[in-house]
1. In whole angstrom, how far apart do the alpha carbon centroids of the range A:171-213 and the range B:254-282 sit?
2. For a quick protection proxy, order the peptides B:184-195, A:92-103 by their average other-Cβ count within 10 Å, most packed first.
3. Cut-off 10 angstrom, C-alpha nodes, Gaussian network model of chain A. Which of A:221, A:206, A:185 fluctuates the most?
4. Starting from the coordinates of the alpha-carbon atoms of the range A:1-121, obtain the Kirkwood hydrodynamic radius over all distinct pairs and give the value in Å to one decimal.
5. Mind checking the angle between helix A:267-280 and chain A's longest principal axis? C-alpha axes, 0 to 90 degrees, to the nearest 10.
6. Got a sec? How would A:75, A:5, A:80 order by Cβ neighbour count within 10 Å, fewest to most?
7. Against the longest alpha carbon principal axis of chain A, how many degrees, from 0 to 90 and to the nearest 10, is the axis of helix A:197-213 turned?
8. Is it possible to state the helix-based mean residue ellipticity at 222 nm for chain B, with each DSSP H run of 4+ residues giving -39500 (n - 2.57), the sum divided by total residues, to the nearest 500 deg cm²/dmol? What is it?
């Protein structure tokens, strides 16, 4: 084995501390801003640590009193949840049968390649017709309309993940069940889908993360509290005339909380999902 | 079971996905192509056929060439920095030190942070009056007076690139780390016995294992960086003086701010073509590097 000199050990620990600081400092600052009294944030020299922790902004944003900053925020939170939920369910409903079909019948694999190739399209290449189409259907500024548009992003990605998932389930297991007299759908329901449950969960979480993160279509296709998503609400706050930067930071913390929790809990599955695609790609 | 029936059944299972994809991607794309040959406005009547006028006007405009340069700068510098920092971080995380598991878990944080939240966070950090960067640099006596990092054409693009790198290098690091852990220990041990120095060991023993996954990360990140919209829109809206205007921002302005759907569509397709050319060129590279690694 390689000899590790004390100098090398110290060097590695110093680098690790530096890396930890680079990762944590901006995130910690976002949280500190959210609980610092406004006077501390406007002080010169800047007060890095609040004199007293002030959680009132969280209360303010999560209150549903009419015409408050909280009403705009909570409605966008609800819209984001609804849209991410609907788009994820729809994407999985499309991806599971399609992913299985491509996995078991390589002859039609080229059709999935075409679907995945749409990843290269910049959203601006679809935006104008989608805008006109949604407007024609009366689905502008509507959570269903936005969830439908999100399928352009979610469906190819989840299908690709599901296909790799089914690839790792040996088809011999399905064949054995069929020989025992189970029909195709019975086999899928009893054998294949339970085995694919972890992949389905990973795909669903990826889909939720993608929908939660989406900004471009939401910016274009929503205009008020009926459909505006969290990302648009935060961009509004950041670009608007809000004088309390702590409030913007608080909105950021709240919007980041669900994906960060998903990321931490699902760390292993998310990374293996990403790298399995990477290695096979 | 006959293979024809198997194939038919597979197509039937694919059908819902294909129908939806045609509706939300295929048809809009074809419609964008149609629009790009007209002078249609965003609202109102269909517009008149103008042939390749939109393309000619766009390609010859100084706005386009300047925006193309800005986009290329943004994409090349941020992706290159993400790759280098990401690999360095992965090499570090592959060493043994106290708290390694925690640090590795922390790496997921910037990646999980929504892009808009990341952009907002850095916008606050760069704030010209109350921002943390100004405060820190002043307190360390590195600058004399507060600066408007996002308000000056000289620094805005660099400030955006830093914010983009911070969010995206951890993903490169995690992908590289997964690849590093696949390097067989006896190979690195053998290279030590053979007297390979650290640099040669990285170049000839470790890098071949990283090449495949890193190429894929490079392709995906470059395509994304070329299409970049969110972080720039939230932080600068393409300003100041259009110094951070990328292609996607230009299309947005053309099609939605100025409501010129026709010329916006032509520009969007030019961007699509550029991204496709990039992706195809990269795909050839990936195949080549995979071939040499095998």
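No value in this document is a laboratory result; all are computed from the given coordinates. Source: prediction; values computed, not measured. Neighbour counts are summed over all protein chains in view; Cβ atoms, including those assigned to glycine, are modelled from backbone coordinates with ideal geometry.
1. 38
2. Working: B:184-195: 11.3, A:92-103: 24.1.
Top to bottom by mean Cβ count within 10 Å: A:92-103, B:184-195.
3. A:185
4. Numbers: mean 1/r = 0.0484 Å⁻¹.
Answer for the range A:1-121: a Kirkwood hydrodynamic radius of 20.6 Å.
5. Tilt relative to chain A: about 50 degrees.
6. Details: A:75 18, A:5 9, A:80 26.
Lowest to highest Cβ neighbour count: A:5, A:75, A:80.
7. 40
8. On the way: 14 runs with 201 residues, N = 294.
Result for chain B, helices only: -22000 deg cm²/dmol.
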